[in-house]
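These notes concern the structure reproduced below.
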Amino acid sequence: MKQLFSVVDIETTGGSSRGEKITEIAIYVTDGTKIIDSFCTLIHPEKRVSSFITGLTGITNEMLEDAPKFFEVAAKIVEITKDTVFVAHNVNFDYNFVKQEFAQLGYKYRQNTLCTLQLSRKMFPGLRSYSLGNLCKSLNVNLDNQHRAYADAFATTEIFNMIYQKDIKESNGININGFSLNGINPMLDIGKIKNLPEKCGVYYLYNAEKELIYIGKSKNIHSRVMSHLRNEKTGKALNMRSQIADVDYELTGSELIALLKESHEIKQNIPIFNKAQRRSINNWAIFTYEDSNGYICFYIDHVDKSEESCVAVYSSKAVAGETLTNYCIKYNLCQKLSGLYQSAGACFYYGLGECKGACVGAESSVSYNKRAKEFIAELNLNLTNVFIIPGDCDDEKQWVVAIKDSKYYGYGFVDEITDLRSEDMLDLITKYPENKDVRQIIRTYLKTKKNYRIVEF
């Protein structure tokens with residue numbers, strides 16, 4: 001589906017959208033080559049028009065007496081501009097006025113915008129003036145009744161169509177679309193891309209066969225997907241770019257939820273470009289097990305060794321070893337039972353009096369395991385039975401992540417946290433698999449972020 005553009009011009013009672021009102025609006029919908037639809041009307045501003053404005057526009061108070069008020073045409077404006085890019089000459093002026101009128105009705109009007117004033121300077125360099133009247137003269141565009149919305153919008157549409165066709169021919173549409181159309185899958189709906197939300201969530205990219213080829217997360221879905229389409233580097237990124245034929249998304253409100261959802265769904269779907277591109281930087285881990293004598297033991301191995309017994313992951317074997325050594329000293333743990341010292345009998349440190357003798361049964365498993373569990377708890381940020389309540393939610397939902405018995409339980413959303421008992425909140429949590437990746441996501445989030453709450457249950 002080809003992207004459509006709504007070229008808009010308004011007349012107003014004054015220059016500020018905060019205190020002034022629209023008196024006329026004109027909208028021409030174009031595909032860049034021809035006009036598809038239009039809507040033009042005077043609007044009763046519910047205030048007097050000054051003689052200066054009448055002299056400038058020709059719009060009198062008498063002309064506006066029987067004109068509809070903005071709320072009476074608001075639905076039509078939403079309908080005609082839906083899924084289009086809002087275009088105007090000095091677009092901030094027109095767009096801010098329209099947004100303000102909708103805001104006063106309690107409606108959030110949001111469109112992507114393009115400015116023909118800025119585009120003209122880029123596409124037609126060297127002109128003496130880029131005001132609408134002078135630009136029309138330079139480009140031989142007819143403009144009668146200037147400062148009437150219907151006339152200015154029509155002339156701006158002609159100028160925009162000239163810009164559009166020149167941009168497509170010379171730059172593959174990069175100035176209009178924000179990315180080059182060269183190599184873009186012809187099935188991709190550019191309009192859908194333009195209207196992706198600038199919010200946090202998970203997005204899904206599909207090929208022409210409707211196969212899921214990539215899953216990603218972002219705090220700004222629109223910006224991240226656009227970055228994929230702008231990426232014309234050689235290799236896998238370019239290959240993926242050429243295959244993108246459709247996009248979908250799910251808002252998560254919180255970055256933590258987006259990270260957890262992305263991780264789970266990549267494991268579940270294994271999209272081809274996630275498999276090709278994602279390389280774990282945490283390849284080594286500390287694992288735990290209980291030996292035949294009931295002692296909690298530790299060892300270091302590659303992350304693929306096990307999921308259930310993985311305690312924490314690290315970037316290298318050396319870093320994992322250094323961490324385990326430091327914690328053994330801190331909690332007075334046996335280095336033999338921690339896999340750091342090999343011997344048939346007691347460990348070397350038992351002879352020095354630095355080990356309490358768990359390696360030879362001199363210390364009971366109950367006493368030893370208490371310290372080992374404290375070590376495990378610290379690696380897990382001392383979370384036993386808690387709800388993590390992110391404070392970065394950008395929607396009306398309040399997301400909650402549950403940790404139960406020191407393990408990731410899952411996540412869900414609630415309307416009011418303060419009125420819910422812990423057992424009620426657990427009922428609202430969707431359970432997800434616990435693995436080393438989600439543990440690392442939560443651990444990193446809690447270490448690097450501050451805007452969250454921990455509630456014990």
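What follows draws every value from the coordinates through simple rules; no lab data is involved. Note that the structure is a prediction, hence the values are computed from the model and not measured. Don't worry about glycine lacking a Cβ; one is built from the backbone with ideal geometry, like all the others, and counts go over all protein chains shown.
Quick look at the values:
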item: Distant-in-sequence amide H partners of Ile43 (H built 1.01 Å from N, under 5 Å); result: Glu24, Ile25
item: Length-normalised contact order for the stretch 4-177 - Cα pairs under 8 Å, 6+ apart - percent; result: 25
item: Residue-averaged 222 nm ellipticity for the chain, from DSSP H runs of 4+ at -39500 (n - 2.57), nearest 500; result: -11000 deg cm²/dmol
item: Placed amide H near Ser38: partners under 5 Å, 5+ positions off or other chain; result: Val29
item: Ranked Cys115, Cys328, criterion: other C-beta atoms within 10 Å, fewest first; result: Cys115, Cys328
item: In the stretch 170-253, trypsin sites (Lys or Arg not before Pro) in a DSSP loop with at most 12 other beta-carbon atoms within 10 Å; result: Lys210, Lys233
item: Cα gyration tensor shape for the stretch 284-369, rounded if a/c is under 1.5, else prolate or oblate; result: prolate
item: Mean projection area, nm², convex hull over Cα of the chain; result: 29.9
item: Whichever aspartates and glutamates have a C-alpha closer than 13 Å to that of Lys336, once near sequence neighbours (fewer than 8 apart) are set aside; result: Asp291, Glu354
item: Furthest towards positive pole of dipole, Leu446, Leu260, Val303, structure part the chain, Cβ charges; result: Val303
item: Within the chain: Cβ-based charge dipole about Cα centre, in debye rounded to nearest 20 (Lys, Arg +1; Asp, Glu -1); result: 1580
item: DSSP-loop trypsin sites (Lys or Arg not before Pro) across the stretch 88-140, with at most 16 other Cβ within 10 angstrom; result: Lys108, Arg110, Arg128
item: Relative contact order (%) - criterion: Cα under 8 Å, at least six apart; region: the chain; result: 10
item: Amide H within-cut-off set for Gly14, under 5 Å, with H built and near neighbours excluded; result: Lys21
item: Cross-link reach list, lysines versus Lys275, counting only Cα pairs under 16 Å and skipping chain neighbours closer than eight places; result: Lys217, Lys236, Lys267
item: Straight-distance crosslink candidates among aspartates and glutamates, where the alpha carbon sits under 14 Å from Lys21 and sequence neighbours closer than 8 are dropped; result: Asp9, Glu11, Glu46, Asp94, Glu101
item: Cross-link table Lys199/Lys407; Lys34/Lys166; Lys108/Lys210; Lys108/Lys199; Lys2/Lys137, entries beyond 22 Å C-alpha to C-alpha; result: Lys199/Lys407; Lys108/Lys210; Lys2/Lys137
item: Pairwise Cα inverse-distance average, inverted: Kirkwood Rh of the stretch 91-167 (Å); result: 13.7
item: Charge context of Phe97, other residues only, Cβ under 12 angstrom, K/R +1, D/E -1; result: -3
